[in-house]
């Protein structure tokens, strides 16, 4: 898809065509394209419309019903910020008093919308002409063309003089496809991003959740965000956006946040009555010890992020399970125990175990009407199996404020 195709989709014929397409079905795409060409629709416009129909269908889990009004590129959709996360970004800038924000590497505009609704003036910049054209189309759909200006060019050359805030979302994909986990391979590279934001009063950088802690600059706040249980980003906040803490784990949609230095280590001890599984953002942020303290808990192993306690406490940062059995890992013994209880289906959770759930299910060869949850992990260095039952979030004492 090129710039001309994006513009054609915004014209009267393109808009009518997009509006007339049925819900996307891959098995019907070829027939739909053939029918449209027979009806006189140009080849390029048919291809662009079907591409957008496919991308809109893929975008629904991230953008909901709004996806039906937006335009996308494949890479832009994959890297686009979820709306709830984008609103949280924008609120940071607004709360810090930044009324003008430059969004560099703006992509298809996931953050542009939230920023345009929260501050007075927004600049979006991206180096890819097709992505810029798509972002402009989306800005127009959202009714923000008067507040959001989208430009094409090298983001390293954007003049940030006079801008009160800057947000950068560097591309984290290799040239040949696939994600990169090396911040030096970001586009622009991580060091360059830190350089260009250094002179702006309020700055934010969207990073991959797996960013090494050692490369995070002193004085910044690193916030790992999970949305519906999925860890989606590490947001690095600098200048007036730093909240006075080194590490933060934030859970959406609730907005619950856990903070700390990331340097505290929890005690280690035997398996107790309850097993707690930290949210992924808590683990990535290195705040497992802080979460364990909320439940008077300790780790089952110094290298494993499972917390255990005799106390059942409600906290959004930990999912609680009651432990019914603890046994050394061994397929034969585990099979015998599960069969004696009529278990035919198992939910396998694992941390610190090389055994795959699929392999274990094949080896167990279970049949029966019951379902069980088993945890494969290490306890004091030894391979261990825990049989657990999830505890309702309504049970247990509320966490003390």
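The values are calculated or read from the model by the stated rules, or taken from the named source; none is laboratory data. As the structure is a prediction and not an experimental result, all values here were calculated from the model. Because the Cβ atoms are built from the backbone with ideal geometry, glycine has one as well, and the counts that use them run over all protein chains shown.
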Take the stretch 366-379 and flag every residue that is surrounded by fewer than 13 Cβ atoms within 10 Å (Cβ to Cβ) and assigned to a loop (DSSP other than H, G, I, E, B).
367, 369
Can you tell me which residue among 275, 238 is within 16 Å of residue 319 (Cβ to Cβ) and not in a loop (DSSP other than H, G, I, E, B)?
275
Does residue 268 satisfy being modelled with pLDDT of 95 or more and surrounded by fewer than 18 Cβ atoms within 10 Å (Cβ to Cβ)?
yes
Looking at the stretch 165-173, can you tell me whether even one residue there is surrounded by fewer than 24 Cβ atoms within 10 Å (Cβ to Cβ), on the phi < 0 side of the Ramachandran plot, touching a residue at least 12 places away in the same chain (Cβ under 8 Å) and part of a loop (DSSP other than H, G, I, E, B)?
yes
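Quick grid of which residues meet (1) modelled with pLDDT under 95; (2) part of a loop (DSSP other than H, G, I, E, B); (3) out of contact with any strand residue (DSSP E or B) (no Cβ under 6 Å at 6 or more places or on another chain); (4) not assigned by TED's automatic domain parsing to the domain that holds residue 372:
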{"position": "281", "(1), (2), (3), (4)": "no, no, no, no"}
{"position": "301", "(1), (2), (3), (4)": "no, yes, no, no"}
{"position": "305", "(1), (2), (3), (4)": "no, yes, no, no"}
{"position": "308", "(1), (2), (3), (4)": "no, no, no, no"}
{"position": "324", "(1), (2), (3), (4)": "no, no, no, no"}
{"position": "339", "(1), (2), (3), (4)": "no, no, yes, no"}
Flag for residue 273 being out of contact with any strand residue (DSSP E or B) (no Cβ under 7 Å at 6 or more places or on another chain) and under 26 Å from residue 353 (Cα atoms)
no
Mind checking which residues of the stretch 49-77 are within 27 Å of residue 103 (Cα to Cα), in a helix (DSSP H, G or I) and touching a residue at least 40 places away in the same chain (Cβ under 8 Å)?
51, 52, 69, 75, 76
Which condition breaks for residue 145 when tested against (1) surrounded by fewer than 24 Cβ atoms within 10 Å (Cβ to Cβ); (2) within 29 Å of residue 19 (Cβ to Cβ); (3) modelled with pLDDT of 95 or more?
(3)
Note on the stretch 112-125: residues outside any helix (DSSP H, G or I) and surrounded by fewer than 24 Cβ atoms within 10 Å (Cβ to Cβ) are 119, 120, 121, 123, 125
Being at pLDDT below 95 and either surrounded by 23 or more Cβ atoms within 10 Å (Cβ to Cβ) or not assigned by TED's automatic domain parsing to the domain that holds residue 385 (or both) is the requirement here; does residue 247 meet it?
no
Can you go through 48, 8 and tell me which one is farther than 19 Å from residue 139 by Cα, surrounded by 13 or more Cβ atoms within 10 Å (Cβ to Cβ) and in contact with a helix residue (DSSP H, G or I) (Cβ under 7 Å, 6 or more places away or on another chain)?
48
Taking only the stretch 341-354 into account, find how many residues are surrounded by fewer than 17 Cβ atoms within 10 Å (Cβ to Cβ) and either in contact with a helix residue (DSSP H, G or I) (Cβ under 9 Å, 6 or more places away or on another chain) or part of a strand (DSSP E or B) (or both).
4
Scanning the stretch 141-153 for residues that are outside any strand (DSSP E or B) and more than 26 Å from the chain's Cα centre (by Cα), the one nearest to residue 7 (Cα to Cα) turns out to be 145
Residue hits (the stretch 183-216; surrounded by 15 or more Cβ atoms within 10 Å (Cβ to Cβ), out of contact with any strand residue (DSSP E or B) (no Cβ under 6 Å at 6 or more places or on another chain) and not in a helix (DSSP H, G or I)) are 186, 188, 189, 208
Just wondering, is there one or more residues in the stretch 184-202 that are assigned by TED's automatic domain parsing to the domain that holds residue 84, free of Cβ contacts under 8 Å to residues at least 12 places away in the same chain, over 16 Å from the mean Cα position of the chain (by Cα) and under 30 Å from residue 293 (Cα atoms)?
no
Given the conditions (1) closer than 17 Å to residue 11 by Cα; (2) over 24 Å from the mean Cα position of the chain (by Cα), every one holds for residue 138 apart from (2)
Return only the number of the condition from (1) surrounded by fewer than 24 Cβ atoms within 10 Å (Cβ to Cβ); (2) touching a strand residue (DSSP E or B) at 6+ places or on another chain (Cβ under 7 Å); (3) at positive phi that residue 109 does not satisfy.
(1)
